[in-house]
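Since the structure comes first, as structure tokens, the remarks are kept for the end.
The values are calculated or read from the model by the stated rules, or taken from the named source; none is laboratory data. The model shown is predicted, which means the values in this text are computed figures rather than measured ones. For neighbour counting, all protein chains shown are included, and Cβ atoms are generated from backbone atoms with ideal geometry for every residue, glycine included. Quick note on the areas: whole protein, heavy atoms, side chains included, nothing else; ligands and nucleic acids left out. Shrake-Rupley method; radii C 1.70, N 1.55, O 1.52, S 1.80 Å.
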Amino acid sequence: MFSIIPRRKTVAAVLNTLLLLLLPALAHAEWLAEPRVGGHFKTLNLLLEAPPADLGSSGELSSNRLRLDFAGTLPGSVKGEFSVEDILLYTDPPSLAPLPGDSPNRRLDLEKDWNRGGRFAHQLFVDRLNLRAHLAGLDWTLGRQAVGFGRISLFSPLDIIAPFPPDALDTEVRPGVDALRASRYFGMTGQAGAIAVFGQGSDDNSYLATLEGGPTGVDLLGIAGVLRERTMGGVGLATQLFGMGLKGELAWFEGRDPDRPGGDLHDDFAIAGLEADYRFDNGLILFTQYLHNGAGAGDPAAYPEALASAAVQEGLSFLLGRHYLLVAPSYQLHPLATVSGLLIWNLEDDSFLLRPLLDLSLSDNLALQLFWNLTHGAKPRQVFGLPIPRSEFGSASDSGGVFLKYFF
């Protein structure tokens, strides 16, 4: 059933049905210029070992996604974009992983669930639905669209609207958000912009201004405004030095409801990162980042509170501690085979996640990834029958599997 507000259910159901029925006709409509249809099918199959201290059970997960993208130009040089995605999720046990839930960055309820919480669960949702036009010297985009900020590759503190987790496998398509965006370009690389992102209620709305540019060889980015009732400001810099890529970002936030359960942990906090990347003569590419996560907790015993905080629940932060080292090497063994890795090391509790990965190109539009997630850290201790964390990744389970991607 559709979620949140009953009167929106009918609107969402009608929109979904009409869009699915109209899509084949739109692709052949003569009044559309340069219609484009594409998409992908992805299947992620995971085996999860049981976590320590009886925090859960072992299990299996299969997430299968079919996506269809449509784009074209309407009369008046107005560009349109529409994407629909279908998820079939199998989990054993059923509670192992849920379907995607409500987003704090979406006002319209354009998804439908079947059997949520069951072993086989199904979701159909609209991920893009927007119009783009150039008016009064500005580029405008209205509707569900992709919004991304920041320059750091591993985890960007300035990517504050819908960021990817630092351990995400699938980062090719950014989740759409409901927004109105205006941009103006100046000079060779300068850009000023403003964006309003609309959530489920007025307290979930965000209003931000951005400024990009800088002298030759230096890319500067500034962001300021209100992010879901948090006053915020941030700056970022990217440049090259002696063949090494250097990027630095800092974002400061005023805490949202810090004195209430489920609010931010702190009255104010900063998330900052410094990343360096280098390509060695032998072909090895290495990314290294120090990350300060001011939204997290300094004491492992407070990790459950950090997990329930607004910053984590909204996807602004994905880690529970405060200081991290992230390392991501990659090396091309063959034009069709690349081996890579990811290390996320909590510098305070000395726990880490290590993921080796083999990426195989099976054809021009078919790729296969084989991977395993290894976790290490102090295991939780039992206090009056309750597990108390002593490290972040020591409370997690090992996992691994196969990720197949087909593009059309």
Taking region 390-408 and the residues there that are surrounded by 18 or more Cβ atoms within 10 Å (Cβ to Cβ) and aromatic (F, W, Y), the one that is farthest from H323 (Cα to Cα) would be F403
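Can you tell me which residue is most open to solvent (accessible area, probe 1.4 Å) among those in region 231-261 that are among the acidic types (D, E) and more than 23 Å from L326 (Cβ to Cβ)? Even if it seems obvious, please write down each step before you answer.
Applying the first criterion (among the acidic types (D, E)) to region 231-261 yields 249, 254, 257, 259.
If we keep only those that are more than 23 Å from L326 (Cβ to Cβ) as well, we get 254, 257, 259.
Details: E254: 80, D257: 64, D259: 141 Å².
Per the criteria, the residue is D259.
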Of residues in region 318-351 being touching a residue at least 40 places away in the same chain (Cβ under 8 Å) and among the polar types (S, T, N, Q), the one nearest to D398 (Cα to Cα)
S351
Checked pairs for region 166-191, first within 21 Å of Q145 (Cα to Cα), second part of a strand (DSSP E or B) and among the hydroxyl-bearing types (S, T, Y), C-beta under 7 Å and 6 or more apart or across chains, list as R181/T141; Q191/S183; Q191/Y185
Restricting the search to region 155-167, which residues are open to solvent by 30 Å² or more (accessible area, probe 1.4 Å) and within 12 Å of L342 (Cα to Cα)?
D167
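Tell me yes or no: at least one residue of region 139-149 is touching a Gly at 6+ places or on another chain (Cβ under 9 Å), without any contact (Cβ under 8 Å) to a residue 24 or more places away in the chain and open to solvent by less than 50 Å² (accessible area, probe 1.4 Å). Quick ask: steps written out before the conclusion?
If we filter region 139-149 for residues that are touching a Gly at 6+ places or on another chain (Cβ under 9 Å), which is where we start, we get 139, 143-147, 149.
Next, only the ones that are without any contact (Cβ under 8 Å) to a residue 24 or more places away in the chain stay: none.
Looking for residues that are touching a Gly at 6+ places or on another chain (Cβ under 9 Å), without any contact (Cβ under 8 Å) to a residue 24 or more places away in the chain and open to solvent by less than 50 Å² (accessible area, probe 1.4 Å), one finds none in region 139-149, hence no.
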Give the residues of region 374-389 that are part of a strand (DSSP E or B) and open to solvent by less than 20 Å² (accessible area, probe 1.4 Å), sorted by residue number.
none
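Can you name the residue in region 87-110 that is among the hydroxyl-bearing types (S, T, Y) and farther than 21 Å from E229 by Cβ and is also most open to solvent (accessible area, probe 1.4 Å) among such residues?
Keep residues of region 87-110 that are among the hydroxyl-bearing types (S, T, Y), which gives 90-91, 95, 103.
Filter again for farther than 21 Å from E229 by Cβ, leaving 90-91, 95.
Working: Y90: 55, T91: 2, S95: 103 Å².
By that ranking, first place goes to S95.
Take R228 and tell me if it is basic (K, R), surrounded by 15 or more Cβ atoms within 10 Å (Cβ to Cβ) and on the phi > 0 side of the Ramachandran plot. Lay out the reasoning, then the answer.
Details: basic (K, R): yes; surrounded by 15 or more Cβ atoms within 10 Å (Cβ to Cβ): yes; on the phi > 0 side of the Ramachandran plot: yes.
Answer is yes for this residue.
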Within the set of pairs 6+ apart or on separate chains, which have a first residue in region 117-129 that is exposed (fewer than 14 other Cβ atoms within 10 Å of the Cβ), a second that is part of a strand (DSSP E or B), and C-beta atoms under 8 Å apart?
R119/Y90; R119/T91; R119/D92; F120/L88; F120/L89; F120/Y90
Which numbered condition P51 misses (of (1) crowded, with 17+ Cβ neighbours inside 10 Å; (2) at pLDDT below 55; (3) part of a loop (DSSP other than H, G, I, E, B)):
(2)
